[in-house]
Amino acid sequence: MRTLLIMQARVLGALVLRETRATFGTSQLGYLWAILTPAAGVTVLASVFAAAGRHPPFGGSMALFFGTGLLTLEFFTKLSTSLMTTFNANKALLTYPLIKETDALCARLILISATYVLIMLIFYSGLILMGLAEPPHHPERLICAIGAVAMLGFGFGVINAVILSQWDSWQYVYSIITRPLFIVSGIFFIPSRLPPRAGDVLRWNPVLHLVEWVRTGYYSNYDSAVLNRTYVISFALVLILLGLAGERLTRKKRV
């Protein structure tokens, strides 16, 4: 068992290194650019709203409010879309007996999760140093929320990878379906303050719950009447189980 675990760790480590080079190139600037781009996007968005005289819907920092929403959505979107192409991008490697489809999926999960954790750490630390935010008041909740984002993104990513392996046009369909998430995931508003009918519809969006979860972890007094942690975790686990089962059932068709 110990030998198998060591071998599995080496396989994952090698795949993560390969994914890093394939995604960001051999230059350190490529990885640095991938880290700075999401943070810069939040900064620009907050600056535009501040210049227009808008006040944050909650708290005193527009950048923090938008950051807790936009970075959460981008983390989820990056996972669900990048994992989609895992099987096609690693066809040559999957011919080796030691490397399985799940290894390639886990390697991308590790790389993207580590990247976005670093992005959030740099972004929030920058806000704290500039006096635009306080440290997270409930770090344990924030850590759990980030883990939930990774779970949901992984679940959608595995499902997408299986569907794309059977239907080449799925990536375009998925892009169209998920485009409204930018508007309906609570990035620009507080869901608890919406009319009951609107809130009842938006509750079905699991990404909305993730954004609310992150904000309850960061802010000291952010009370969400919408957040349902059980719903998000259950949704993610069901997707992961269905995705892994689908991967196993369609494995021979991809050979």
Residues of the stretch 189-211 that turn out to be farther than 24 Å from M151 by Cα and either at pLDDT 90 or above or in a loop (DSSP other than H, G, I, E, B) (or both), as a count
3
May I ask you to say which residue of F49, F65, F87 is aromatic (F, W, Y) and within 30 Å of K253 (Cβ to Cβ)?
F87
Which pairs turn up if I take residues in the stretch 200-227 that are within 18 Å of F154 (Cα to Cα) and look for partners that are open to solvent by 10 Å² or more (accessible area, probe 1.4 Å) and of a type in the set (F, W, Y) with beta carbon separation below 6 Å, at least 6 apart in sequence or on another chain?
P206/F235
Out of the residues in the stretch 62-88 that are among the polar types (S, T, N, Q) and modelled with pLDDT of 85 or more, which is nearest to G147 (Cα to Cα)?
T72
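Looking for something farther than 21 Å from L45 by Cα and part of a helix (DSSP H, G or I) - is there at least one such residue anywhere in the stretch 116-128? Step through it out loud before you land on a result.
Quick first cut of the stretch 116-128, residues farther than 21 Å from L45 by Cα only: none.
There is no residue in the stretch 116-128 that is farther than 21 Å from L45 by Cα and part of a helix (DSSP H, G or I).
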Taking the residues in the stretch 3-38 that are at pLDDT 80 or above and basic (K, R) as candidates, determine which candidate is surrounded by the fewest Cβ atoms within 10 Å (Cβ to Cβ).
R10
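Would you confirm, using the coordinates I've provided, whether L83 is touching a Lys or Arg at 6+ places or on another chain (Cβ under 6 Å) and within 30 Å of S165 (Cβ to Cβ)? So that I can check it myself, show each step before the final result.
Working: touching a Lys or Arg at 6+ places or on another chain (Cβ under 6 Å): yes; within 30 Å of S165 (Cβ to Cβ): yes.
Yes.
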With the condition kept exactly as written, say whether any residue in the stretch 197-215 is in contact with a Lys or Arg (Cβ under 9 Å, 6 or more places away or on another chain) and of a type in the set (F, W, Y).
yes
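The values are calculated or read from the model by the stated rules, or taken from the named source; none is laboratory data. From a predicted model like this one, the values you see are computed outputs, not experimental measurements. FYI the Cβ positions are ideal-geometry reconstructions off the backbone, even for glycines, and counts take in every protein chain you see. Areas reflect the complete protein model, heavy atoms only, side chains present, ligands, DNA and RNA absent. Shrake-Rupley method; radii C 1.70, N 1.55, O 1.52, S 1.80 Å.
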